Amino acid sequence: MKTLLALLLPIALLAAEPLPPCCRPALAMGQPTDQSLYLLDSKWTSDVGREIKLGALRGRPQIVALFFTQCEYACPILVSELKTIESKLPPEVLGQVDFLLVSIDSKRDTPAELTTFRAKRQLTRERWTLLRGEPDDVRELAALLGVNYAEDARGQFAHTNLITLLNAEGEIAFQHTGLKQDPALLLAAIEKTTQAIPRPEPRP
């Protein structure tokens, strides 16, 4: 009996954890605008193994960055800056936004690798979504966000270091370029964007 309980306990604890933003029930909000990234038909897989379209994130502003888990320099700094932004947002603002990391390394960044990265960087499931996609879909999203990247012989990617704020409709509201830059303008844009969140349509 003790052995059975020991096996079941981790499963029960996992089931009790909150779902990341990508995996919650979608809000009913009508059709996206023609400037919305949520019109993309591509499918993505989260670190919890759920397959989604980006439209599942509609309804809350997203703070987005492209990265890869095996990055030796820029990505750790980029994720640290995102966590700093998370820590600086007032509680009433933080409760209305989510963070989205999308891998540019389709070969190595499996859901399991993303799960390991989440745990290592202590990214809460309450606010953070980690996604991987097929190479063509990643390239399309990167182009729309203005992110360039290229893989070298060592499997490292040179890439644009860019943080993008999407509004609740999935439109680009603000972009913050470079590493170790003052985030004041981005923080102000996040607060402004949360004030303009449209009310979801009531479900029938």
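Values in this text are rule-based calculations from the coordinates and carry no lab data. None of the values given here were measured: they were computed from a predicted structure. Cβ: placed from backbone, ideal geometry, glycine included. Neighbour counts: every protein chain shown.
A few comments on the model shown:
- Residues THR129, THR160, THR193 in ascending order of nearby Cβ atoms (within 10 Å, fewest first): THR160, THR193, THR129.
- Anisotropy class assigned to the stretch 115-204 is prolate, per the alpha carbon gyration tensor with a/c at or over the 1.5 cut-off and a/b larger than b/c.
- For the stretch 33-195: rounded, prolate or oblate by the Cα gyration tensor [a/c cutoff 1.5]: rounded
- Ordering of 176-186, 109-119, 63-73 by packing is 63-73, 109-119, 176-186, highest average first (other Cβ atoms within 10 Å, averaged per residue).
- Bridge type composition, the stretch 33-195 - antiparallel percent by DSSP, nearest 5: 60
- Loop trypsin sites (Lys or Arg not before Pro), the stretch 81-117 (other Cβ atoms within 10 Å of the site Cβ: 13 or fewer; DSSP): LYS107, ARG108
- PHE99 long-range amide H proximity, modeled H, under 5 Å: ILE63, TRP128, THR129
- Karplus-derived HN-Hα couplings along the stretch 157-168 (A = 6.51, B = -1.76, C = 1.60, θ = phi - 60°), whole Hz, x at Gly and Pro: 10, 7, 8, 5, 9, 9, 10, 10, 9, 9, 6, 4
- Cα-Cα over 25 Å, subset of LYS83/LYS192; LYS53/LYS107; LYS107/LYS180; LYS88/LYS192; LYS43/LYS192; LYS53/LYS88: LYS107/LYS180; LYS43/LYS192; LYS53/LYS88
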